1. How much length is gained if the chain between residue 9 and residue 342 is pulled fully straight, taking 0.36 nm per residue apart and subtracting their Cα-Cα distance, in nm to one decimal?
2. What value, in deg cm²/dmol to 500, does the helix sum -39500 (n - 2.57) over DSSP H runs of n ≥ 4 give at 222 nm once divided by the residues of the chain?
3. Separation of the range 240-254 and the range 362-405 by C-alpha centroid, Å?
4. Could you check the simple spin-label distance between residue 154 and residue 171, using points 7 Å along Cα→Cβ, in nm with one decimal?
5. Give me the extension gain from residue 398 to residue 196: residue separation times 0.36 nm, minus the current Cα-Cα distance, reported in nm with one decimal.
6. Would you mind checking the range 202-226 for residues with the amide N under 18 Å from a putative spin-label position 7 Å along Cα→C-beta of residue 140?
7. Would you mind checking the range 31-46 for residues with the amide N under 18 Å from a putative spin-label position 7 Å along Cα→C-beta of residue 410?
8. Once you order the gyration tensor axes a ≥ b ≥ c over the Cα atoms, which shape class does the chain get: rounded for a/c under 1.5, otherwise prolate or oblate by comparing a/b with b/c?
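Laboratory data are not the source of any read-out in this text; all were calculated from the coordinates shown. Treat the numbers as computed from the prediction; the structure is a model and nothing was measured. Virtual Cβ from ideal backbone geometry, glycine too; neighbours counted across all protein chains shown.
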Ligand SMILES: Cc1ncc(COP(=O)(O)O)c(C=O)c1O
């Protein structure tokens, strides 16, 4: 299957800008136009079939063409296609969804505020944290800590929490600081244990806090596993070390479950997989299996109390978003949760994840592979290699990753290149034979790229 990897000057430029690529690569020669999808497969306008082994950026968790979900969305369109959520009215569906989420979110006694994207949800939470600080009489408490390599969104504030790509956008905004990503494979000193590594990162966080004006930090935002950083699985000592620093300074923990929520890590939420007790949680993507843009923040009890109290003093909470709490999104989310529960998709995904991990494990000794990590129905191949003395031996891991990604794309498998890694995380509905097919093609891609070196 020949796929053009380069473009020539006379290629037609498309009348749109596509993200996460060079702007000048916006041509009809190298863009695949996806026309339809079925199950875990998508098909482009040339009739090529691809296994969407990332659920399309970890979002289409029920795969494509789920008739039951489509019917629920269509029914909601007929009943109530839209009503705004503001000024003492909202849709019945958004209340039902909020009630459902209060039962399942990994935050004690949460209140919900909805948005249309993960980015918006992060921004809304940051605004509400600031409102809460003002209400408590400590308006200077507004700094947010993120981690290098993590991704939290495209808007100004969420891109500021994101740990990278700042300079070209004139970011971060004031009030955002970053600590190291938990990259044990890449960043450990030779022979450093995971406990030593984790306490080193906790010391770094402590130092960053000490460096800021007293009482100026509102929250730290972290994903249970950073997929954008290359599926960096935290060692068991990491979160206990980090959260004990945060607790010592009264800093809230925000868990970004935009990717890890709704079954990806073998539990309904990644916080459960890593034993986290977040103050607030952010969800999007899989909440509607991406069939409708919807996101939400589950706010913790203390912040909600501060908002209520602050609003008594300040007046109206001057925040709403026209499309947020959309009744069609609410109907989609409720149906997705019904399907996940009824079909035991979290358990199914965990079993499929074990099969994926077992399949990929056979490449552990492949000459290109440095490490294979997996949790739930997510895995990554890391092309940074270490020798017997635990020293890094290669500097071409990013190029290898890109070569494997492109080769797999040519073989009809969509993975996600993330620096020196490729990430695999198919829809939750994937079947055993499909996992085996992904593994088979990964093996072929590894051998092909190796043979071309
Ligand atoms: C962990 C995480 N948080 C937030 C976002 C932003 O979500 P959205 O793209 O829906 O704005 C993303 C998007 O990929 C993400 O991966």
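1. Details: separation 333, 0.36 × 333 = 119.88 nm, distance 5.27 nm.
Between residue 9 and residue 342, full extension yields an extra 114.6 nm.
2. Values: 14 runs with 172 residues, N = 453.
Theoretical 222 nm ellipticity from helices: -12000 deg cm²/dmol.
3. Here the two parts' Cα centres lie 32 Å apart.
4. Taking the two extended label points, one gets 1.2 nm.
5. Numbers: separation 202, 0.36 × 202 = 72.72 nm, distance 2.68 nm.
Answer, rounded to one decimal: 70.0 nm.
6. 208-219
7. Counting backbone N atoms under 18 Å from the label point, the list is 31-32.
8. Details: a/c = 1.66, a/b = 1.21, b/c = 1.38.
Taking the square roots of the gyration eigenvalues as a ≥ b ≥ c, the chain is oblate.
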